[in-house]
Amino acid sequence: MKPSCIIIASGNPGKCREISQVLNELDIKSTSLADYDDIPEPDENGASFAENAREKALYYAKSTGQWCLADDSGLVVDALDGAPGVRSARYAAERCPPDATRDIIDAANNAKLFEELANVPDNKRSARFVCHLTLADDKDQIAVEAHGTIEGQIAHDRKGDNGFGYDPLFYVPEFGCTTAQLSPLEKNRVSHRGNALRQFAIRLEEYFRKMES
């Protein structure tokens, strides 16, 4: 049975906005963890984006008894041996107070990344955004997964006011700008999450067709 609503297992409004647009196109309503703030967050101890996405999807599906879609994504910088990686959202956690807002956290993460790459030349600043999506059903089973990436490099300055997180630092040579300089529509067409979501939409429709047959 196709769910009438899917919980997006994230409290990040930027992520939820991008994901809900795709679910709306599939005629599926969505809500976010903002409506379930009484549920403690899982530990997220996975060594990969896929492991963390699966952990979150299954955890929130079990906690709510509903279908849950989890996203685990982040920035992988080659010169830093893959960091920030799965710690992207909390890369500079030690610099932020416990009640820090998302804007403060993003600014601290960006500042730390700039510092780590201060002496790294342009030809060594290659990086990629990675996104893994996992959907768990109301029986605590993994139903659908998808993966997406986008290649680029870390700029020397912040540019652009769109997007969130590391977007102002992530320069895409193909477009001659950062992902924060792209419009929301343009970003969804090329981003790691956009790529993962398009793959996810195809696989989700296939999954529901199999369920109905």
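The values are calculated or read from the model by the stated rules, or taken from the named source; none is laboratory data. Computed from a predicted model, the values in this text were never measured in an experiment. Note that each Cβ is placed from the backbone with ideal geometry, even for glycine, and that neighbours are counted across all protein chains shown.
Filter region 158-189 down to the residues that are touching a helix residue (DSSP H, G or I) at 6+ places or on another chain (Cβ under 8 Å) and of a type in the set (A, V, I, L, M), then identify the one that is surrounded by the most Cβ atoms within 10 Å (Cβ to Cβ).
169
Output the number of the condition that residue 59 fails; it satisfies all remaining conditions of (1) surrounded by 18 or more Cβ atoms within 10 Å (Cβ to Cβ); (2) within 24 Å of residue 154 (Cβ to Cβ).
(2)
Kindly provide the set of residues from region 33-58 that are outside any loop (DSSP other than H, G, I, E, B) and either at positive phi or within 14 Å of the chain's Cα centre (by Cα) (or both), ordered by number.
49, 50, 51, 52, 53, 54, 56, 57 - these are the residues of region 33-58 that are outside any loop (DSSP other than H, G, I, E, B) and either at positive phi or within 14 Å of the chain's Cα centre (by Cα) (or both).
Please specify each residue of region 167-213 satisfying the condition of being outside any helix (DSSP H, G or I) and at negative phi.
Of everything in region 167-213, those that are outside any helix (DSSP H, G or I) and at negative phi turn out to be 170, 171, 172, 173, 174, 175, 177, 178, 182, 183, 191, 213.
Select from region 16-32 the residues that are under 23 Å from residue 63 (Cβ atoms), modelled with pLDDT under 90 and outside any helix (DSSP H, G or I) and list them in ascending order.
Listed by number, the list holds a single entry, 28.
Considering only residues that are assigned to a loop (DSSP other than H, G, I, E, B) and surrounded by 21 or more Cβ atoms within 10 Å (Cβ to Cβ), which ones fall in region 69-91?
91
Filter region 120-166 for residues that are aliphatic (A, V, I, L, M) and in a strand (DSSP E or B) and give the result.
Answer for region 120-166, where residues must be aliphatic (A, V, I, L, M) and in a strand (DSSP E or B): 127, 130, 133, 135, 136, 142, 143, 144, 146, 150, 154.
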